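Everything below concerns the one structure shown next.
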Amino acid sequence: MVEDRERLAGALAARIRDVPDFPRPGVLFKDLTTLFKDATAFRDACDALVEQHRELPIDLVAAIESRGFPVGGVLAHQMGVGLIPVRKAGKLPAATISAGYSLEYGEAVLEIHRDAILPGQRVLLVDDVLATGGSAAATIRLIRELGGEVVGGAFLVELTSLGGRARLDVPVVSLVTF
């Protein structure tokens with residue numbers, strides 16, 4: 001099993017492109033669009049995340065804008081649960097709540113619809129990359145503010161040097177670490 005996970009991690013890592021100095025000088029951006037366009041790699045990644053969360057009682061998947069959307073959509077579909085979009089400020093059409101956060105190259109605000117989650121619903125947080133943990137921690141705050149229970153965080157990639165996992169008080173699964 002561990003050998004299979006290591007093999008998958010290597011195959012996925014090979015599909016991720018490094019983009020130096022994006023979005024600003026000094027940042028080495030891990031571009032997952034090259035993984036997304038590879039049908040086999042994308043399917044294998046989503047299948048692995050579903051498998052690792054299959055036994056959890058999950059009512060909803062909360063996917064963080066924007067590259068969390070494709071992964072979250074697939075996971076919600078495969079798990080037979082609803083999908084909640086967590087968006088940047090000003091992008092959702094109905095009443096929202098918001099949370100600000102810091103990231104490795106700036107500040108941002110995320111929003112979720114006020115009626116997205118009912119009290120007691122169990123939510124799996126999904127995004128493509130766990131870096132500083134700012135967006136994930138803000139999303140956890142939003143889910144909890146609505147009365148939801150965050151059962152875990154699922155990420156394709158984790159940038160361990162940025163310490164994001166330490167900011168989250170939920171179980172975290174990441175398929176590839178850099």
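The values are calculated or read from the model by the stated rules, or taken from the named source; none is laboratory data. If you're wondering where the values come from, they're calculated on a predicted model, not measured in any experiment. As a convention, Cβ positions derive from the backbone with ideal geometry for all residues, glycine included, and neighbour counts pool all protein chains shown.
Under 6 Å between Cβ atoms, which residue pairs at least 6 apart in sequence (or on different chains) link something in region 65-85 that is over 15 Å from HIS53 (Cα atoms) with a partner that is aliphatic (A, V, I, L, M) and assigned to a helix (DSSP H, G or I)?
Close Cβ pairs satisfying both conditions: LEU83/ALA76.
For the structure I just gave you, tell me whether VAL109 is outside any helix (DSSP H, G or I), within 26 Å of LYS37 (Cα to Cα) and either under 14 Å from the mean Cα position of the chain (by Cα) or aliphatic (A, V, I, L, M) (or both). Walk me through it before giving the result.
Numbers: outside any helix (DSSP H, G or I): yes; within 26 Å of LYS37 (Cα to Cα): no; either under 14 Å from the mean Cα position of the chain (by Cα) or aliphatic (A, V, I, L, M) (or both): yes.
So VAL109 fails the test.
Could you check how many residues of region 147-178 are of a type in the set (A, V, I, L, M, F, W, C) and within 21 Å of ILE97 (Cβ to Cβ)?
Here is the first cut: in region 147-178, the ones of a type in the set (A, V, I, L, M, F, W, C) are 150-151, 154-157, 159, 162, 166, 168, 170, 172-173, 175-176, 178.
Next, only the ones that are within 21 Å of ILE97 (Cβ to Cβ) stay: 150-151, 168, 170.
Total meeting the criteria: 4.
Answer yes if at least one residue in region 132-144 is in a strand (DSSP E or B) and surrounded by 21 or more Cβ atoms within 10 Å (Cβ to Cβ), and no otherwise.
So in region 132-144, the residues in a strand (DSSP E or B) come out as none.
No, region 132-144 contains no residue that is in a strand (DSSP E or B) and surrounded by 21 or more Cβ atoms within 10 Å (Cβ to Cβ).
Residues checked against (1) surrounded by 17 or more Cβ atoms within 10 Å (Cβ to Cβ); (2) farther than 30 Å from GLY148 by Cα:
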{"site": "ALA13", "(1), (2)": "no, yes"}
{"site": "ASP47", "(1), (2)": "no, no"}
{"site": "LEU56", "(1), (2)": "no, no"}
{"site": "VAL74", "(1), (2)": "yes, no"}
{"site": "HIS77", "(1), (2)": "no, no"}
{"site": "GLY82", "(1), (2)": "no, no"}
{"site": "LYS88", "(1), (2)": "no, no"}
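Tell me whether region 24-37 contains one or more residues that are under 17 Å from the mean Cα position of the chain (by Cα), over 22 Å from PRO171 (Cα atoms) and modelled with pLDDT under 95.
Looking for residues that are under 17 Å from the mean Cα position of the chain (by Cα), over 22 Å from PRO171 (Cα atoms) and modelled with pLDDT under 95, one finds at least one in region 24-37, hence yes.
Identify all residues within region 90-131 that are polar (S, T, N, Q) and either buried (at least 18 other Cβ atoms within 10 Å of the Cβ) or in contact (Cβ under 8 Å) with a residue 60 or more places away in the chain (or both); write none if there are none. Let's see the steps before the verdict.
Step one: of region 90-131, the residues polar (S, T, N, Q) are 96, 98, 102, 121.
Selection gives THR96, GLN121.
As an exercise: evaluate GLU3 against (1) surrounded by 11 or more Cβ atoms within 10 Å (Cβ to Cβ); (2) within 21 Å of THR177 (Cβ to Cβ) and give the number of the one condition it does not meet.
(1)
Of the numbered conditions (1) assigned to a strand (DSSP E or B); (2) surrounded by fewer than 12 Cβ atoms within 10 Å (Cβ to Cβ), VAL61 fails exactly one; give the number of that condition.
Every condition holds for VAL61 apart from (2).
What is the one condition in (1) touching a Leu at 6+ places or on another chain (Cβ under 8 Å); (2) part of a strand (DSSP E or B) that PHE29 does not satisfy?
Against the list (1) touching a Leu at 6+ places or on another chain (Cβ under 8 Å); (2) part of a strand (DSSP E or B), PHE29 comes up short only on (1).
What's the total number of residues in region 93-133 that are among the β-branched types (Val, Ile, Thr), out of contact with any helix residue (DSSP H, G or I) (no Cβ under 7 Å at 6 or more places or on another chain) and under 20 Å from GLU145 (Cα atoms)? Steps first, please.
Taking region 93-133 and keeping what is among the β-branched types (Val, Ile, Thr), we get 96-97, 109, 112, 117, 123, 126, 129, 132.
Of the ones still in play, those that are also out of contact with any helix residue (DSSP H, G or I) (no Cβ under 7 Å at 6 or more places or on another chain) are 96, 109, 129.
If we keep only those that are under 20 Å from GLU145 (Cα atoms) too, we end up with 96, 109.
Within region 93-133, residues that are among the β-branched types (Val, Ile, Thr), out of contact with any helix residue (DSSP H, G or I) (no Cβ under 7 Å at 6 or more places or on another chain) and under 20 Å from GLU145 (Cα atoms) number 2.
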